[in-house]
Amino acid sequence: MVEVIAEIGINHNGSVPIAFDLIDAAIEAGCDYVKFQKRDPELAVPISQWDKPKSTPWGEMTYIEYKRRMEFRESDYHTIHLYCKTAGIKWFASVWDIPSAVFMDAFRVDRGVPYIKIPSACLTDDMLLLKAKETDKQIILSTGMSTIEEIDHAVEILGNPILMHCTSTYPTKPEELNLLMIPALKKRYGLKVGYSGHEVGLSTTVNAVALGAELVERHITLDRSMWGTDQSASVEPQGLKRLVRDIRKLEVALGDGIKKVYDSELPIKEKLRG
């Protein structure tokens, strides 16, 4: 079965209760995982961006102050881990720096955190790739904003990551989704390939499954009108339910590729062919 990942990302706006609501929405929709983003703002944000002004619901602040405000504390992640374990859904996170990778490694696979993800922005960070490789988790590697040569290099370092095809714009234009990269990546690397969608709408994400995506990830939100950079390109709870439903229907409809005559066809065959 295709694994469906509900990407909470930073759509919690720094609120653990909102994160709980998003986890609940993912469970109700039938998702397999929820995913967060873990970063040390001082390491992940370029210094040139630190002092830029940022208007937020909490007032005017510098960009680095905003990123600190949005980031969960380590204790928050332990609370989230317990909530997910009690609710019966697995979780993991994208890591944007080495300390975040080290922190996530503490949540072992046997404790319900099977993956660690490298975001597209960090695909060329060799030191982070090497640190992620030291964990006990299967690595998922997003490939947005990357050349094929950069992907080659990252795969050489990691060995056997799951590759996630994506385009790093929010929302992504249909003409820039390039879904045929899903079978192309499978052919080039012989690895498991998924799709991380940032587009508006659901049909193209479902189509990604028809093209061979074995994991599907979409950003989720309680309401696309909420404040935040990723909210408008995210899927609301009712849309998430439809997405999971349509993926499951497609999985059944794809069949096994072996031609057969179904029992339901036999009366029609008898009637029309005699």
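Farther than 16 Å from ASN11 by Cβ, touching a helix residue (DSSP H, G or I) at 6+ places or on another chain (Cβ under 8 Å), assigned to a helix (DSSP H, G or I) and touching a residue at least 24 places away in the same chain (Cβ under 8 Å): is that true of VAL244 in this structure? So that I can check it myself, show each step before the final result.
Details: farther than 16 Å from ASN11 by Cβ: yes; touching a helix residue (DSSP H, G or I) at 6+ places or on another chain (Cβ under 8 Å): yes; assigned to a helix (DSSP H, G or I): yes; touching a residue at least 24 places away in the same chain (Cβ under 8 Å): yes.
Criteria met by VAL244.
Checking PHE92, PHE72 one by one, the residue that is at pLDDT 95 or above, under 21 Å from LYS131 (Cβ atoms), touching a strand residue (DSSP E or B) at 6+ places or on another chain (Cβ under 8 Å) and not in a loop (DSSP other than H, G, I, E, B) is PHE92 and no other.
Pairing each residue of segment 117-129 that is modelled with pLDDT of 95 or more with any residue that is crowded, with 18+ Cβ neighbours inside 10 Å and part of a loop (DSSP other than H, G, I, E, B), provided the two are 6+ apart or on different chains, yields C-beta distances under 7 Å for PRO119/TRP96; SER120/THR143; SER120/SER146; SER120/CYS166; CYS122/TRP96; LEU123/THR143; LEU123/SER146; LEU128/ASP97. Being outside any helix (DSSP H, G or I), surrounded by fewer than 17 Cβ atoms within 10 Å (Cβ to Cβ) and not polar (S, T, N, Q) holds for only one residue in LYS259, LYS271, and it is LYS259.
So that you can scan it fast, the table gives a plain yes or no per residue for (1) within 19 Å of ALA26 (Cα to Cα); (2) crowded, with 19+ Cβ neighbours inside 10 Å; (3) touching a Leu at 6+ places or on another chain (Cβ under 7 Å):
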| site | (1), (2), (3) |
| --- | --- |
| THR167 | no, yes, yes |
| PRO171 | no, no, no |
| PRO174 | no, no, no |
| ILE182 | no, yes, yes |
| GLU199 | yes, yes, yes |
| THR204 | no, no, yes |
| ARG218 | yes, yes, yes |
| TRP227 | no, no, no |
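The values are calculated or read from the model by the stated rules, or taken from the named source; none is laboratory data. This is a predicted model, so every value here is computed, not measured. FYI the Cβ positions are ideal-geometry reconstructions off the backbone, even for glycines, and counts take in every protein chain you see.
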